[in-house]
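Asker: Structure provided below as structure tokens; questions to follow.
Each value in this text was obtained by applying a stated rule to the coordinates, not by laboratory testing. Predicted model only: the values in this text are computed from it and were never measured. Heads up, the Cβs are rebuilt from the backbone with ideal geometry, glycines too, and the neighbour counts pull from every protein chain shown.
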Amino acid sequence: MAPSIDNESSLFNFVVRDGNGVKGIVDSGISKVPQAYIQPPAEQINKNNATKCLFPPIDLSRLDGPDHDEVVNQIVRAAETLGFFQVINHGIHVQLLESLEQTVHNFFGLPAEKKLCIAKK
């Protein structure tokens, strides 16, 4: 049964306070995306504006050189406008990234009450 998320307070309580997360919303079987998760139309990426909204990967190896400030500005711009970014040449081994991905999947697959216990530590 879908949770009662008819206002931002109840949505916050379900997602954050109760520890269900966004995955909990999806798993509950809701049929409509909560308004809080819908980006305003002017900011939405669609096929008409996708090319101007896409950011190239940010090369972190350039942080230690003369391009440091430019790389920092790319990160800030991507974080402020799109909310995420892709980095390359970060020096993190693939095995560690794969292990992290598996750990994240395991965590979000836990029941809400178990996630709450872990999140409070």
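Asker: Using 7 Å Cα-to-Cβ label points, what is the GLN35/GLU101 separation (nm, one decimal)?
Answerer: The modelled label-to-label distance comes out at 3.7 nm.
Asker: How high is the FRET efficiency from SER28 to ASP64, r the C-beta distance, R0 41 Å, rounded to 0.05?
Answerer: Step by step, r from the Cβ atoms, then E = 0.35.
Asker: Related question: At a Cα cut-off below 18 Å, give the aspartates and glutamates reachable from LYS114, other chains included and same-chain residues fewer than 8 away excluded.
Answerer: Hits, sequence-local ones excluded: ASP18, ASP27.
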